[in-house]
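Every number in this text was worked out from the coordinates using simple rules, so none of it is lab data. For clarity, every value in this text was computed on a predicted model and none was experimentally measured. So basically every Cβ, Gly included, is an ideal-geometry build from the backbone, and we count neighbours across all protein chains shown.
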Amino acid sequence: MAKIEFKRIEEGIYSYLDNALEEGKIDRQSYEMAKANCIKYLDEWLTDENFLRISPNVRNGIYKAVEDGRWEDIVNTFRKKMSFGTGGIRGFMAMDRDSIIRLKEEGLDAPILKGPNTINNIVLLLTSAGVAQFGRERGFSKIVIGYDSRIRGGDFAKLIAQEFLAYGFTVYLFDEACPFPEVTFAIPHVKADMGILLSASHNDYRYNGYKL
């Protein structure tokens, strides 16, 4: 897809946010946060060569959303970074059904809208790098990785398994979808130091999560 001038993206985001605030769809705090973060994170995701190496279609997904005028989805995708809480991270893999279908049919690099506030290959690799560094600092060397039956769960699990292997971990990767108790059982059984399950529990098909 042809490159879109960044000024056009800025104008679209600011126009959406101003209208949403005026119409009472968002509060002042959400408005200020989105205004401060969206442009900064969009610029990063459009220009960072590491992101483009991981996911060559990331630009195309963003540009297509701009062409389609999906400003609300763009703002929700870039208004913040997912924060790692006590249970890990959880969020949308995509904002709409059509994008989930493309993810299912075309794989992890499908040209869908993705950013720091969605579960995608870039976010999962960044998160796994942080977890791996945390583990290595504490002398950890073994990890169990499982996933549930959500779309592309196995592919996401293989992706992060490769990241932990690159950090020198021994990885025990489930070869089929599994529930959380199987992961918690496997950790002491194989004498692993950590375990991860890719799952969003009760949330609908658009979601996924990363439980440590």
Report summary line: Farthest towards the positive end of the dipole of the chain, among Pro111, Phe180, Tyr167 and with Cβ unit charges of +1 on Lys and Arg and -1 on Asp and Glu, lies the Cα of Tyr167
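For the stretch 1-80, what relative contact order do you get, as a whole percent, if you take Cα pairs closer than 8 Å and at least 6 residues apart? Can you show the working numbers first?
Values: 54 pairs, mean separation 32.2, N = 80.
Worked out over the stretch 1-80, it gives 40 percent.
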Query raised in the report: Once you charge only the Cβ atoms, +1 for Lys and Arg and -1 for Asp and Glu, what is the size of the charge dipole of the chain about its Cα centre, to the nearest 20 debye?
Result: 500 debye
Query raised in the report: Between Glu44 and Phe134, how many nm apart are label points set 7 Å from Cα along the C-beta direction?
Result: 1.8 nm
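Quick check on the chain: of the DSSP beta bridges with both residues there, what percent are antiparallel, nearest 5%? The partial results should precede the final answer.
On the way: 7 of 16 bridges.
Approximately 45 percent, going by the DSSP bridge assignments.
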Query raised in the report: With contacts defined as alpha carbon pairs under 8 Å and 6 or more residues apart, what's the relative contact order of the chain in percent?
Result: 20 percent
Requested in this report: Rank Ala200, Ala157, Leu17 by how far each Cα sits towards the positive end of the charge dipole of the chain (+1 on Lys, Arg Cβ; -1 on Asp, Glu Cβ) and give me just the farthest.
Outcome: Ala157
Query raised in the report: Roughly what would the spin-label model give for Asp193 and Gln162, points 7 Å off Cα along C-beta, in nm?
Result: 2.4 nm
Report summary line: Between [x] 36, 24, 15; [y] 54, 20, 17; [z] 33, 17, 16, the structure-derived semi-axes √(5λ) of the Cα gyration tensor in Å is [z]
Report summary line: If R0 = 30 Å, then Lys25 and Ser201, at their Cβ-Cβ distance, give a FRET efficiency to the nearest 0.05 of 0.60
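Loop by DSSP (not H, G, I, E, B), at most 10 other beta-carbon atoms within 10 Å: where is the longest site-free stretch of the chain for GluC sites (Glu not before Pro)? List each step's numbers first, then the result.
Numbers: sites that count: Glu5, Glu23, Glu176.
The answer is 24-175.
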Requested in this report: Report the charge-dipole magnitude of the stretch 39-80 in Debye, nearest 20, computed about the Cα centre from +1 at each Lys and Arg Cβ and -1 at each Asp and Glu Cβ.
Outcome: 100 debye
